[in-house]
Amino acid sequence: ALYEAFSNRAYPINEPILSQLITKRHQLAELLGYESYAQYDLENQMVGTPARAQAFLDNLMQHAQIKEAQ
């Protein structure tokens, strides 16, 4: 309960600010020629693209489910 209260301490007051931030990030990414902020943010990281990040997570989930079944 304490963790949940701490995680939601600024809600709903900051919700409009967070929405604006998400919108501005998306606009920035589009101005720079990216489809999304995720694509912009991941380009300089090892994973490179949102598609590769998703493939990694899918693979990780598959291996975790195999281990869970054992």
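The values are calculated or read from the model by the stated rules, or taken from the named source; none is laboratory data. Fair warning: this is a prediction, and the values are worked out from it, not measured in the lab. Please note: Cβ atoms are built from the backbone with ideal geometry, for glycine as well, and neighbour counts cover all protein chains shown. Heads up: the accessible areas ignore ligands, DNA and RNA and are worked out on the full protein's heavy atoms, side chains in. Shrake-Rupley method; radii C 1.70, N 1.55, O 1.52, S 1.80 Å.
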*Which residue, of ILE22, ILE13, is β-branched (Val, Ile, Thr), without any contact (Cβ under 8 Å) to a residue 24 or more places away in the chain and part of a helix (DSSP H, G or I)?*
ILE22
*Report, ordered by the first and then the second residue, all pairs with beta carbons closer than 7 Å, sequence separation of six or more or different chains, a first member in the range 37-52 that is at positive phi, and a second member that is open to solvent by less than 70 Å² (accessible area, probe 1.4 Å).*
GLY48/LEU42
*Taking the condition part of a loop (DSSP other than H, G, I, E, B), out of contact with any strand residue (DSSP E or B) (no Cβ under 7 Å at 6 or more places or on another chain) and loosely packed, with under 12 Cβ neighbours inside 10 Å, does MET46 pass?*
yes
*Inside the range 29-39, can you point out the residues that are open to solvent by 80 Å² or more (accessible area, probe 1.4 Å), outside any loop (DSSP other than H, G, I, E, B) and of a type outside the set (A, V, I, L, M)?*
GLU30
*Considering residues of the range 2-28 that are basic (Lys, Arg) and surrounded by 11 or more Cβ atoms within 10 Å (Cβ to Cβ) only, the residue farthest from the chain's Cα centre (by Cα)*: LYS24
*What single numbered condition from (1) open to solvent by 90 Å² or more (accessible area, probe 1.4 Å); (2) within 14 Å of the chain's Cα centre (by Cα) fails to hold for GLU68?*
(2)
